[in-house]
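Working notes, beginning with the structure itself.
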Amino acid sequence: MPSILAQSRPALLALLCFGSALSSAQAPSAFKRPSDAVEYRQAGFELMATHFKRLNDMAQGKVPYDAKAVEENMAVIAVVSKLPFTAFVPGSDKAKGTEALPEVWSQPAKFQEAADKLQAEVGKLQAAVKSGKQEDVKIAAGAVGQSCKACHDNFKQKGH
């Protein structure tokens with residue numbers, strides 16, 4: 001069975017390459033169309049959600065705990081969790097397919113606070129994974145999940 005990283009490699013490589021381009025360029029000019037920004041951030045969130053679910057299912061004991069698989073999923077989460085936030089650029093609020101609420105743009109400080117909270121919780125999860133203790137991973141994963149939920153509650157259309 002291929003490793004978790006190998007299974008996600010094409011999407012991850014595309015996001016990483018594009019994420020590198022974003023970090024060295026001004027974000028608004030990195031997307032040719034606002035819909036490109038929407039697609040990018042949605043792909044990033046989807047990839048993060050997939051790897052978080054795999055990690056969380058092990059942390060919660062829903063599937064057997066595999067420390068190596070937890071570490072591999074954490075490696076993806078640590079990188080990908082930063083990328084979608086670079087794609088909330090001006091104009092993408094009106095793009096077809098966006099699930100972001102107008103509050104992302106009308107309350108940028110609150111949105112940034114939510115993004116920062118996620119990064120802080122992901123950092124704690126990363127430390128818990130390094131500890132090797134399933135119970136610590138379970139607790140930290142719960143906090144990441146709550147951070148995701150809080151952002152969805154305030155900044156994402158319901159039902160999406």
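Here, each number is a calculation from the coordinates, and none is a lab measurement. Here the structure is a predicted model, which means the values were calculated and not measured. Here the Cβ is made from the backbone with ideal geometry for all residues, glycine too, and neighbour counts use every protein chain on show.
Among Ser147, Ser35, Ser92, Ser106, the order by Cβ neighbours within 10 angstrom, fewest to most, reads Ser106, Ser35, Ser147, Ser92.
On the principal axes of its alpha carbon atoms, region 51-160 extends 43, 24, 19 Å, with the longest extent given first.
Here region 99-160 is assigned +1 on the Cβ of each Lys and Arg and -1 on the Cβ of each Asp and Glu. Its dipole about the Cα centre then comes out at about 160 debye.
Taking other C-beta atoms within 10 angstrom as a stand-in for reagent exposure, His152, His51 fall in the order His152, His51, fewest first. Put a dot 7 Å past the Cα of Gln119, heading toward its Cβ, do the same for Gln146, and the two dots end up 2.1 nm apart. Using only Cα coordinates, the Kirkwood hydrodynamic radius of region 44-107 works out to 13.5 Å.
With respect to the cross-link table entries Lys62/Lys82; Lys94/Lys138; Lys32/Lys82; Lys62/Lys158, which display a Cα-Cα separation exceeding 30 Å? Flagged as over cut-off: Lys94/Lys138.
Each Lys and Arg contributes +1 and each Asp and Glu -1, all at the Cβ; summed about the Cα centre of region 17-160, the dipole is approximately 120 debye.
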